[in-house]
Amino acid sequence: MKCAGQIETRAVEESSINLDPIQAAGRLTPEAMKAVIAWGDGYSVCDNCHKPFRLDYVTKPPIADFHTEAAAWLGMDKIQLVPGARRAFQEVTGALVGKGEPVIMTGMGHYTAYLSVEVVNGVVREIKPTPDHHITADATAESIENAIREFGYAPKLVFVDAVDFMYGNMHEVEKIAKVAHQYDIPVLYNGVYTVGVLPVDGKKLGVDFVVGSGHKSMAAPAPSGILATTDEYADIVLRTTKIQGDITGRKFGIKQVGILGCSLMGDPAVGLIASFPRVKERVNHFDEELKNHKIVTDALLSIEGTKVASEYPRKHTLTRMDTAESFDIVAQTHKKRGFFLSSALNKRGITGIMPGVTKQWKFNTYGLTTAQAEYLADSFIEIAEENNMVVG
Amino acid sequence: MSQKAIDAVFTGLFNLTDIRVTLRETSPLHHLTDEQKERTKKTVENIRKQLEILEGELL
């Protein structure tokens, strides 16, 4: 079914259980689905934009209120809407990092974090992950010390992923922030898999920036996200324009420089705001998400040779499985080779696991109902039994 | 301007969205619980009402 021209109607979420690790917590709430119907026109949020002509001052729809509420919710002083977490990274590096200056990165970070350093001609120095794929405060201190020896001064910023995209492991952010602050280095908390999914308190964590992704974890359309910061850094990172045209004398009010003025409009902004009340509530029930996730991992672990490659017991619903000794052995002789697993899942209305992969693969059960988690668990067992694997 | 027609269009779309949400919550088998069936029945009735308003206002 086409929705326009040659564009297919996307009905993945209506027809399937979608396990795609990056899509799970970005599925829209009913409220956001309705809001995007009404606010899709280009500059829709500008209907009631009055002096001083800035997005975060708009009260209809309640964008201004959202800024206040979201900052308090994250335990920070100020927030800014951004078109995706990557733009928040870029805004922070743009304000704090100069040419050739070092930034500490976890080594398990998203590629856009690296690019946000590259775009300002900065230099990345990584923190080495532990053999069990964790980032520690000790390793952070070592990287900072190495950078100081190399550059002669402290790095300009430390990026730390609360939960990384590779394993869905949780990292010791609070301790890392303490270490970084001993060197007076500001800390950016990358919360793209936590903000909107589980409780986050930037003040308690002692970080200077909290970055959240609307489309990854706040049930919002893409591109959307949040940059939250403290009063100390707001004046630097969220600074307002001072430029003036040399011939015309034009000035641009209080537009924010780092994000080139009004940052997020239309459906991404209104969808994010529409989902916010439900998102604020859902973070308090992450334990229920973990229970549903356990139904699935327990079933997978009952298949002989199957292991969880992520930390275990699980603290997040994004998990990397190691099935090199189970599904991958079947793949070696199966007529569909590595595609047998995704094909068998698709036949049962399950999607989102990378087709053709049977050694290590990731999935995310966030947002599934218990009935869906049980169906998923049963499906994995059925597929194993169909292929004469030992289950028990 | 027909405010009634405008309201009916959005109400209908929002009601359809509620059914879309139920499809998502029950995918892939779409076996609805009694409560979901009851809720969907009421929603469908309400969509019919919006269609009647539209016929009355615009046709």
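The values are calculated or read from the model by the stated rules, or taken from the named source; none is laboratory data. Values in this document were obtained by computation on a predicted structure and should not be read as measured data. Note: ideal-geometry Cβ built from the backbone for every residue, glycine included; neighbour counts use all protein chains shown. All accessible areas refer to the heavy atoms of the entire protein, side chains included, with ligands and DNA or RNA removed. Shrake-Rupley method; radii C 1.70, N 1.55, O 1.52, S 1.80 Å.
Rank A:375, A:193, A:57 by accessible area, highest first, at a 1.4 Å probe radius? Write down the numbers at each step before the final one.
Working: A:375 55, A:193 15, A:57 115 Å².
So the residues, ranked largest to smallest area, are A:57, A:375, A:193.
Taking A:235, A:56, A:298 and ordering them by how much accessible surface each has at a 1.4 Å probe, largest first, produces A:235, A:298, A:56. For the residues B:1, A:76, A:170, a 1.4 Å probe over the protein chains yields an accessible-area ranking, largest first, of B:1, A:170, A:76. Summary value for chain A: 20 percent relative contact order, contacts being C-alpha pairs under 8 angstrom separated by 6+ residues.
Chain B and segment A:118-188 have Cα centres separated by 51 Å.
With the whole protein complex present, residue B:10 retains an accessible surface near 70 Å², based on a 1.4 Å probe.
Can you give the percent of C-alpha pairs in segment A:262-392 whose distance is more than 21 Å? Working shown, then result.
Values: 3881 of 8515 pairs.
Of the Cα pairs, 46 percent sit more than 21 Å apart.
Per residue of chain A, what 222 nm ellipticity follows from adding -39500 (n - 2.57) for every DSSP H run with n ≥ 4, rounded to the nearest 500? The helix-only estimate for chain A comes to -11000 deg cm²/dmol at 222 nm.
Stokes-Einstein D for segment A:156-199 at 25 °C, 0.890 mPa s, Kirkwood Rh over Cα pairs, in µm²/s?
In µm²/s, the coefficient rounds to 225.
Other protein chain C-beta atoms within 10 Å of residue C-beta, averaged over A:8-14: 3.
Based on the Kirkwood radius over alpha-carbon pairs, what value in µm²/s does the Stokes-Einstein equation return for the translational diffusion coefficient of segment A:21-85 at 10 °C and 1.306 mPa s? Answer from the Stokes-Einstein relation: 116 µm²/s. Using the Cβ of residue A:220 as centre and a radius below 12 Å, the other residues enclosed give a net charge of +1, where K and R count +1 and D and E count -1.
Out of all DSSP beta bridges with both ends in the protein assembly as shown, state the antiparallel percent to the nearest 5.
On the way: 22 of 38 bridges.
Expressed as a percentage, antiparallel bridges in the protein assembly as shown total about 60.
Over segment B:3-58, the fraction of Cα-Cα pairs per 5 Å bin, rounded to whole percents and listed from the shortest bin up, is 4, 21, 25, 18, 14, 9, 6, 2. Considering all C-alpha pairs of segment A:316-370, those separated by over 15 Å amount to 50%.
Rounded to the nearest whole angstrom, the semi-axes of the ellipsoid equivalent to segment A:167-225, taken from the Cα gyration tensor as √(5λ), stand at 23, 12, 9, largest first. DSSP assigns beta bridges within segment A:24-283; of those with both partners inside it, close to 45 percent run antiparallel. Globularity index of segment A:242-296 is 2.09 (Cα radius of gyration / 2.2 N^0.38 Å, N = number of residues). In the frame of its principal axes, segment A:108-209 has Cα extents of 39, 28, 26 Å, reported largest first.
Annotated for segment A:289-392: lysine pairs at least 8 residues apart or interchain, Cα distance under 21 Å, count 18.
Restricting attention to segment A:52-125, which trypsin sites (Lys or Arg not before Pro) occupy a DSSP loop and are surrounded by at most 15 other Cβ atoms within 10 Å?
Values: sites: A:54, A:78, A:86, A:87, A:99, A:125; in loops: A:54, A:99.
Those that pass, being in a loop and sparsely packed, are A:99.
Count, for each residue of A:344-357, the Cβ atoms from other chains sitting within 10 Å of its Cβ, then give me the mean as a whole number. Please report the intermediate quantities before stating the final value.
Numbers: counts 0, 0, 1, 0, 2, 4, 2, 1, 0, 0, 0, 0, 0, 0.
Average per residue, whole number: 1.
Any idea what diffusion coefficient segment A:282-324 gets from Stokes-Einstein, in µm²/s, Kirkwood Rh on alpha carbon pairs, 25 °C, 0.890 mPa s? Please report the intermediate quantities before stating the final value.
Details: Rh = 10.9 Å.
My calculation gives 226 µm²/s for D.
The P(r) of segment A:191-323 has a tail past 27 Å containing 41 percent of all C-alpha pairs.
Accessible area of residue A:183 (1.4 Å probe, protein heavy atoms only, ligands and nucleic acids ignored): about 60 Å². Once all protein chains are placed together, residue A:239 keeps about 100 Å² accessible to a 1.4 angstrom probe. On the principal axes of its alpha-carbon atoms, chain A has extents of 77, 55, 37 Å, going from largest to smallest.
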